[in-house]
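Reading through the structure tokens given below for one structure.
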Amino acid sequence: MYAFNVERPATLKDAVALLGKDSEAKLLAGGHSLIPVMKLRLANPSMLIDLSKIAELSGVKVEGDTVTIGATTTHQMVANSKELLAAMPALAAVPASIGDPHVRQAGTIGGSVANNDPNADYPAACLALGATIITSKRKIEADAYFKGMFETALGADEIITAISFPVTKTANYQKFKHPASGFALVGVFVAKGKSGVRVAVTGAGANGVFRVKAFEDALSKDFSAKAIENIKVPADGLNTDIHAPADYRAHLIGVLAKRAVMAAAKG
Amino acid sequence: MPAVSMTVNGKAVTADVDSRTLLVQYLRENLRLTGTHVGCDTSQCGACVVHVDGKARKSCTMFAWQAEGAKVTTIEGLAKGTELHPMQAAFREHHGLQCGYCTPGMIMAAIDMVNRKGNDLDETTIRHELDGNLCRCTGYHNIVKAIAAGARAMA
Ligand SMILES: Cc1cc2nc3c(=O)[nH]c(=O)nc-3n(C[C@H](O)[C@H](O)[C@H](O)COP(=O)(O)OP(=O)(O)OC[C@H]3O[C@@H](n4cnc5c(N)ncnc54)[C@H](O)[C@@H]3O)c2cc1C
Ligand code: FES
Ligand code: FES
């Protein structure tokens, strides 16, 4: 690992100032994506700005039609929130599928959404649920936020403070886990909310998480597994790697989408 | 070099460490607590699991300075003198280990599991909760048995 300096600011304002001063600095949340890549020398920040001392960034709030989850809320805290479970069971169920208990006690939602790993789970939840990424500067709609593999709309000196979701009851996430890594080989999140039906896919796209318009149109007319039974997702633009070829991933998208619709419709 | 202070197995410790020092390195190399193991460099194997403020954490995936002010418990902190912790005793009784490399992490993960899920653990729960701990010897069968028995003994 390359050498770096450490800062542990107590306020968001101080963190923003530190980040703005040094273009090579990086934020540290749960460290469960960043530390492994630093060990492999694939990242060499000059400074780590640890967010763990900024209390206001952590916690789950359910207010009216909106769920707001602070950026440094761990996967385990999200999974354990009784309020969230009552308001939005499909979102509350997402972290249970992430990694293992030790990963969940460290990793955070903000870190996951900032990292935008093409096989991560939260990006699919954010995109399907029409989440808003709230940063130290602005609010970004999920549709405009996820830009590609490990790429987002975040500026170099921008910190995610929270992610907000419109309360959506009819929703479900289905994940086909890679048996060794536990990440999504393919994951499909289906949501039927105020802004219509949205279907988001992780794990499969060569450019990271994406929506499936053909499924959304069909499900808007008829929210049933039957409605999408005969729609084929093209393999173009999907990943081929040692784990699975593109056409297999395309097939999985269809299978998981149907399962998600059935589970969502049941509630 | 940041100065770090924490409590490890009930003892206050303090040192100047390089910012790169992982908690597991600090425990093994500075404190010579070599019961905590390193089995991978991808944060996947769980051989390095310790408790930080009562929660199971992969000590290979946090820096020593992140444990500033924390209470850390390692496998060496479980026994009372010559009397094994009930989870350690259960691993011995049920032959929950072969080479022993994964065992410290398994036991720390098992106690964390009991803390979160209670003393009555069925096989499905145990296997699911062991997602983050790999064993290349035993085939897990006796580990699962040991954890169920250890969990009951901890009641
Ligand atoms: C063994 C293992 C298994 C895993 N399995 C899964 C899985 O199945 N599914 C899954 O989705 N993930 C999985 N993960 C990843 C895990 O969820 C990570 O915790 C998560 O991706 C990153 O969150 P973090 O808090 O650890 O972020 P860090 O590692 O601390 O940071 C990640 C990146 O985000 C940036 N960042 C962090 N917080 C912010 C913020 N508030 N604003 C702006 N930028 C920020 C950092 O600078 C860094 O670039 C796994 C990880 C491990 C080690
Ligand atoms: S050494 Fe493998 S997870 Fe820590
Ligand atoms: S007993 Fe050898 S790795 Fe588990």
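The values are calculated or read from the model by the stated rules, or taken from the named source; none is laboratory data. On a predicted model such as this, the values are computed, not experimentally measured, just so you know. Cβ: placed from backbone, ideal geometry, glycine included. Neighbour counts: every protein chain shown. For accessibility, only protein heavy atoms count, side chains too; no ligands or nucleic acids. Shrake-Rupley method; radii C 1.70, N 1.55, O 1.52, S 1.80 Å.
For the range B:109-121, a tally of residues being in contact with a strand residue (DSSP E or B) (Cβ under 6 Å, 6 or more places away or on another chain) and closer than 15 Å to residue B:153 by Cα returns 1. The residues of the range B:79-102 that are under 13 Å from the mean Cα position of the chain (by Cα) and of a type in the set (S, T, N, Q) amount to a single one, B:88.
Selection of the range A:135-157 for residues being farther than 25 Å from residue A:260 by Cβ and in contact (Cβ under 8 Å) with a residue 60 or more places away in the chain yields A:136, A:156, A:157. Looking at A:120, A:106, A:92, which one is in contact (Cβ under 8 Å) with a residue 60 or more places away in the chain, within 13 Å of the chain's Cα centre (by Cα) and not assigned by TED's automatic domain parsing to the domain that holds residue A:192? From the options A:120, A:106, A:92, the qualifying one is A:120.
Of the candidates A:72, A:68, A:11, the single residue that is open to solvent by 50 Å² or more (accessible area, probe 1.4 Å) and more than 11 Å from every other protein chain (Cβ to nearest Cβ) is A:11. Can you name every residue in the range A:114-147 that is of a type in the set (A, V, I, L, M), under 17 Å from residue A:175 (Cβ atoms) and within 13 Å of ligand 1 (Cβ to nearest atom)? A:120, A:124, A:125 - these are the residues of the range A:114-147 that are of a type in the set (A, V, I, L, M), under 17 Å from residue A:175 (Cβ atoms) and within 13 Å of ligand 1 (Cβ to nearest atom).
Every condition in (1) without any contact (Cβ under 8 Å) to a residue 40 or more places away in the chain; (2) under 11 Å from the mean Cα position of the chain (by Cα); (3) within 11 Å of ligand 2 (Cβ to nearest atom) holds for residue B:41 except the one numbered (2). Only residues that are among the small types (Gly, Ala, Ser), surrounded by fewer than 24 Cβ atoms within 10 Å (Cβ to Cβ) and part of a helix (DSSP H, G or I) were counted in the range A:75-120, giving 8.
Under the condition of being open to solvent by 40 Å² or more (accessible area, probe 1.4 Å), outside any loop (DSSP other than H, G, I, E, B) and within 14 Å of ligand 2 (Cβ to nearest atom), the residues counted in the range B:6-38 number 2. Could you tell me which residue of the range B:47-78 is surrounded by the most Cβ atoms within 10 Å (Cβ to Cβ), considering only residues that are more than 15 Å from ligand 2 (Cβ to nearest atom), over 13 Å from the mean Cα position of the chain (by Cα) and farther than 21 Å from residue A:76 by Cα? Among those residues, the one meeting the criterion is B:65. Taking the residues in the range B:130-142 that are within 12 Å of chain A (Cβ to nearest Cβ) and surrounded by fewer than 21 Cβ atoms within 10 Å (Cβ to Cβ) as candidates, determine which candidate is farthest from residue A:102 (Cα to Cα). That would be B:134. (1) open to solvent by 50 Å² or more (accessible area, probe 1.4 Å); (2) away from chain A (no Cβ under 14 Å): which one isn't true of residue B:116, the others all being true? Result: residue B:116 passes all but (2).
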